[in-house]
Amino acid sequence: MRRKGSGAIMRLQRLVGKVRACTHTHSTLGSISIALGIAVLSAAALGQGWPQWGQNPQHSGTIPVAGQSLSQVLAHIVYDPFAAQEQAENFGELLVHYQTPLTNGQDVFMEFTSGSYVSCNPPGSYSPFPCGNDNWFNQVWNEKRLHWENGQLIEKWSFASDWKPAPDAGGELGGWQPVFHAALTGNAVWVPGAGGSVFKLSIDSGNPLGRFNPFGSTIDPNTFVSSPITVDAQGNVYYNVLKLNITNDPTTNDPWSFGPNFDGNNATDIPDAWLVKISSAGVINKVSYKSLTFTPPTRGTCLASFSSSDLPWPPSPTAMPRTVPCLSQRPGLNIAPAIAPDGTIYSVTVAHNPYASRYAYVVAFQTDLSLKWTASLRDRLNDGCGVLVPIAITSVPQASSCRFGANFGVDPATNQKPAGRVIDQSSSSPVVTPDGGVIYAAYTRYDHARGHTFRFDANGNFVAAYHFGWDSTPAVYQHNGTYSVVIKDNHYDAGNYCDPDPSRPVSQIVCVEAPKGPYFVTQLDPNMNIEWQFQNTSTDATHSNGFQWSFNAPAVDLHGNVYANSEDGNLYAIRQGGTLLGNIFVNQSLGADTPLSLGPDGKLYTESDGTLFAIAQVPTVVSYQVLFGSQSFTVPGGRTNLPWTTITGVKVTFSEPVTGNASSLTGVSVTGFSGSGTNTLTWTFSALTRATYNTKVLGTTANAVKDLAGNPLGGGVDFAQILNVLPGDVSDDGNVASNDMVLVNNARSMAYNVIDDINGDGVVDLNDVSLVRARIGTHLP
Amino acid sequence: MHEIRLQNVRSLFRRLFMMTPVLGLLISAPVEASLIITVGNVFSNSPSSSNTLEVDLTNTGPAAVSLAGFSFEIDVTDPHITFTSATIATVATYVFAGNSLFGPIISTSLPGQTLDVSDVWAAAGGATIAAGATVGLGHVSFDVSAGDFPGLVTVALSPFPATSLSDPAGANVSVDALTSGSITVKVPEPSALVLVLLGLFALAWTRKCLRQ
């Protein structure tokens with residue numbers, strides 16, 4: 001079994017195994033945690049580019065420009081040189097959350113990692129300490145400005161931040177590396193920094209314009225910018241900060257509060273966590289999540305889950321799982337605050353105890369950071385046993401089923417109504433809906449680890465849910481006075497609510513892995529009903545039912561076309577209605593889910609294996625014609641040699657309107673040029689004499705033919721066309737001989753054929769015969 | 001006598017028997033033409049003008065050949081010899097007699113040491129060159145300027161594609177051999193004139209004596 005989204009689960013299981021080995025206790029955790037969020041909103045894009053996570057303050061993932069056709073990969077740039085090492089460290093999976101490629105005009109802003117990566121020996125062993133996931137601190141996170149020049153992304157500047165990710169701490173994050181995510185305002189790039197601070201950089205030069213530290217002048221190494229940076233329409237900046245308990249002793253270091261026995265008990269609470277707002281004027285405000293009053297109130301102790309020794313779950317209709325200290329509510333990792341048009345700020349919190357991930361809230365703040373409302377992700381669902389998980393029909397343990405007699409609807413792991421879980425391995429962030437409500441995609445384990453997507457209204461009332469939500473920031477597409485929600489919808493090859501454990505024979509019966517797939521891109525209506533689905537149908541020897549969708553935030557263009565990448569290596573464009581618009585192969589990988597974005601010109605940006613790919617509709621040559629007399633001929637046209645005596649021009653038709661100049665055609669001495677701005681460019685010159693001309697329509701240099709979006713011909717590739725001009729060689733055998741003369745003479749009494757019209761005057765007559773005759777004996781060198 | 005006749009018959013059968021494989025091959029082999037273009041050999045004085053030579057095509061193959069176009073190029077290295085033109089007034093029957101598209105003058109080059117000649121069958125189809133037939137391709141005129149040295153000057157045919165044959169469909173027809181010709185330049189010398197005069201004188205004297 002290998003499923004994205006299950007990486008966290010597997011790592012947690014590994015961690016649990018480690019704990020068992022240390023403590024001889026039987027953790028009841030079968031998988032990881034949770035959470036859920038919600039958020040909302042508007043699909044109106046702020047700008048033409050893609051300045052932040054989810055494109056706009058609402059994270060709707062939509063942009064009011066038309067995406068270009070997926071015709072060519074224009075550029076591919078490695079931004080994470082350690083991807084292969086990271087995959088080796090994590091059982092082949094790239095458990096890194098990456099920044100969305102940010103776009104602004106002809107600029108692309110992207111994170112690039114440098115520094116060093118210290119692999120473990122063997123990879124994945126977490127030893128010798130500190131290595132692998134415990135050695136993130138030796139990497140450097142840089143923000144780079146790339147600029148399109150002549151079809152290439154050219155680096156303009158690079159800024160090395162001192163930001164470090166919150167630590168994995170021996171696998172407490174399951175190896176999932178938190179995101180480093182910048183955002184753009186009008187003239188600045190906002191980049192995460194160390195100690196909960198952020199840098200404001202000149203968008204042009206990359207020079208720091210300031211460093212904003214909500215905690216004074218101290219840079220606390222235990223305080224982390226823990227979310228993407230969000231900017232609102234007014235240029236205010238928002239992000240989350242976590243202050244963690246960190247020690248240098250790996251045996252006691254427990255920032256994520258698993259507790260000394262890795263059972264959630266006796267764990268130390270998180271010191272604090274904040275939502276930070278930096279106004280466009282540079283005024284810093286923050287609010288402590290610990291200061292918030294949640295409704296329903298938070299609890300001192302929280303229910304964990306049943307032990308695998310109690311399988312099948314729930315152990316009985318009245319069973320209660322063990323309890324753990326809930327600890328404080330704090331924002332989940334990677335949760336980008338979302339800003340509604342009215343200024344409401346949405347975030348998502350979870351109990352800090354990882355065994356209490358079923359206690360999570362969507363939190364709404366006023367613009368002054370005062371609390372507006374909170375909405376729990378608990379007690380919203382009722383689709384566990386008997387719905388998504390069958391109830392055994394006898395007392396005999398049954399595959400993928402709740403225990404016989406289980407209560408209808410409950411989560412088999414808790415015997416409670418299912419709860420959306422916020423887990424730190426996810427990058428799900430709230431999305432504001434056009435009606436002011438909020439969507440959050442949370443984790444749930446009891447449905448083959450698919451999670452659930454929750455929608456709340458603007459007042460925090462639960463509206464609806466859909467049973468997929470793992471690592472997903474949905475796109476919200478507005479149309480016809482309503483909106484739709486676009487998500488990935490993978491069916492993972494996980495056990496229904498638990499995983500097989502060799503030490504638990506009953507688990508081998510109950511926790512049966514599901515078959516892989518199917519894998520959909522699904523569009524939902526506001527009530528979370530399916531509007532359409534698009535299924536991945538690629539197959540290979542190990543994927544008989546398609547490949548997973550590998551995006552964590554899709555992109556939707558002006559027309560509602562959905563852009564989504566898949567583990568089959570393709571970037572897909574999907575029309576409204578769920579039909580394929582186009583696709584292009586980029587790179588097949590088993591990496592972490594990644595976001596997509598569009599540029600203001602409709603270019604597509606996607607990521608795979610630590611490499612950024614830019615895809616666009618580039619102008620291509622549709623036809624290349626030579627002009628002679630009043631005639632023209634499309635080359636090569638099945639010919640090697642051109643028999644005409646009056647070739648005085650070249651007319652090239654492109655796939656779209658283009659610009660160019662006289663120097664855009666080389667290989668001949670151009671004397672005239674026309675057509676710039678249209679689909680057809682024409683170059684003229686003196687009649688070509690017998691010779692070979694290596695012509696090129698330039699896709700490179702300053703004279704490159706470019707489309708109106710500035711994309712160069714062929715994505716930056718010259719179009720070469722050899723013209724073998726051998727007047728008289730109508731037989732195309734490379735020689736002018738008497739047979740050519742006979743052919744043209746014969747053609748005088750036949751239907752017009754431009755090949756025989758040697759002078760291009762529109763008629764084949766004795767003049768043409770004579771022109772051939774005069775050249776008998778010639779050939780090309 | 002009878003025995004002699006019998007021996008002759010046996011000899012005939014023996015020869016026929018020995019020739020059987022050869023005949024078999026000949027019968028089974030495709031019928032192919034063997035086409036030879038030949039430049040004539042002529043004598044010309046220096047100086048002289050309006051000299052001529054013939055360029056002919058001979059079909060030595062077993063089957064007739066149909067042609068609709070031809071070209072040939074001849075050249076000499078002697079700068080005193082200048083080809084001036086070529087016409088269809090060939091000694092042998094002109095290949096496209098009665099159907100020349102470009103005749104009577106069928107050369108395309110300017111006077112010089114190289115002459116390009118070509119013509120096309122004007123009507124539908126082409127000319128048939130029977131097996132064993134020789135036809136004219138061009139009646140070439142040339143001048144020899146004063147000051148040339150006596151001797152033989154080779155008139156060479158240029159290879160394909162300058163010299164070529166085409167069938168009525170416009171396909172190349174292979175020429176199996178290009179046979180160069182020659183112009184033997186003669187330069188009248190004073191001693192020779194004297195000998196001629198002496199001869200004439202002796203002839204006249206002899207005749208006179210005989211009469212007497």
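FYI, it's all coordinate maths here, none of it is from the lab. The model shown is predicted, which means the values in this text are computed figures rather than measured ones. So basically every Cβ, Gly included, is an ideal-geometry build from the backbone, and we count neighbours across all protein chains shown.
In this rough spin-label picture, where each label sits 7 Å from Cα along the Cβ direction, the A:SER655-A:SER395 distance is 6.8 nm. At full extension, A:THR640 and A:SER370 could sit 89.5 nm farther apart than now, given 0.36 nm per residue minus the alpha carbon distance.
Rounded to 0.05, the FRET efficiency of the A:THR252 and A:GLN508 pair, given R0 = 45 Å and the Cβ-Cβ distance, is 0.80.
For A:GLN234 and A:ASN121, what does the FRET efficiency come to when R0 = 41 Å and r is the distance between their Cβ atoms, rounded to the nearest 0.05? The computed FRET efficiency comes out at 0.20.
Over chain A, DSSP H runs of length four or greater, each weighted -39,500 (n - 2.57), average out per residue to a 222 nm ellipticity of -2000 deg cm²/dmol.
Considering only the other residues whose Cβ falls under 14 Å of the Cβ of A:PHE456, what net charge follows from Lys and Arg at +1 and Asp and Glu at -1? Charge balance in the 14 Å sphere: +1.
Mean separation of Cα pairs under 8 Å and 6 or more residues apart, divided by the residue count, gives the stretch A:372-416 a relative contact order of 37 percent. Per the Kirkwood formula applied to alpha carbons, the protein assembly as shown shows a radius of gyration over Rh ratio, Rg over Rh, of 1.30. Inter-part distance, the stretch A:264-286 to the stretch B:151-185, computed on C-alpha centroids, equals 98 Å. Charging the Cβ of each Asp and Glu at -1 and of each Lys and Arg at +1, and nothing else, the dipole of the protein assembly as shown about its Cα centre rounds to 1080 debye.
Gain on full extension, evaluated as 0.36 nm per residue between A:ILE284 and A:THR301 minus their Cα-Cα distance, stands at 2.7 nm. The convex hull defined by the C-alpha atoms of the stretch A:201-325 has an orientation-averaged projected area of 12.5 nm².
Contact order for chain A, expressed relative to its length and based on alpha carbon pairs under 8 Å spaced 6+ residues apart, stands at 13 percent. According to the Cα-based calculation, Rg over Rh for the stretch B:31-186 is 0.98, with Rh computed by the Kirkwood formula. Across the options A:ALA364, A:GLN48, A:GLY235, the greatest Cα extent toward the positive end of the charge dipole of chain A (unit charges at beta carbon of Lys, Arg, Asp, Glu) belongs to A:ALA364.
Of the residues A:MET750, A:MET320, A:MET741, A:MET528, the one with the fewest other Cβ atoms within 10 Å heads the list, and the complete ranking is A:MET750, A:MET320, A:MET528, A:MET741. Between the beta carbons of A:THR542 and A:PHE91, assuming R0 = 25 Å, the FRET efficiency works out to 0.95 to the nearest 0.05.
Pairs of Cα atoms in the stretch A:621-773 fall into 5 Å distance bins, from 0 up to the last occupied one, in shares of 2, 10, 19, 20, 16, 12, 9, 6, 4, 1, 0 percent.
Across q = 0.14, 0.21, 0.32 Å⁻¹, the stretch A:67-108 modelled as identical point scatterers on its alpha-carbon atoms has Debye log10 I(q)/I(0) values of -0.52, -0.87, -1.15, in the order of the q list. By the beta-carbon count within 10 Å of each Cβ, the least crowded to most crowded order of A:GLU656, B:GLU73, A:GLU86, A:GLU93, fewest first, is A:GLU656, B:GLU73, A:GLU93, A:GLU86. Extending 7 Å from Cα along the Cβ direction at A:LEU580 and again at A:ASN150 yields two label points whose distance is 3.7 nm.
Overall, the ratio between the Cα radius of gyration of the stretch A:704-755 and 2.2 N^0.38 Å, rounded to two decimals, is 1.91. Working from the alpha-carbon coordinates of the stretch A:381-516, get Rg over Rh, Rh being the Kirkwood radius. Ratio value, two decimals: 1.04. Shown here for the stretch A:397-464: chymotrypsin sites (Phe, Trp or Tyr not before Pro) in loop regions (DSSP other than H, G, I, E, B) with at most 15 other Cβ atoms within 10 Å, namely A:PHE404, A:PHE408. Annotation for A:SER291 and A:ARG748: the two label points, set 7 Å from Cα along the Cα-Cβ direction, are 10.2 nm apart. Reducing the stretch A:196-211 and the stretch A:586-644 to their Cα centroids gives an inter-centroid distance of 37 Å. Give the lysines reachable from A:LYS372 as a straight Cα distance under 20 Å; neighbours fewer than 8 places away on the same chain don't count. Candidates past the 8-residue exclusion: A:LYS277, A:LYS286, A:LYS290.
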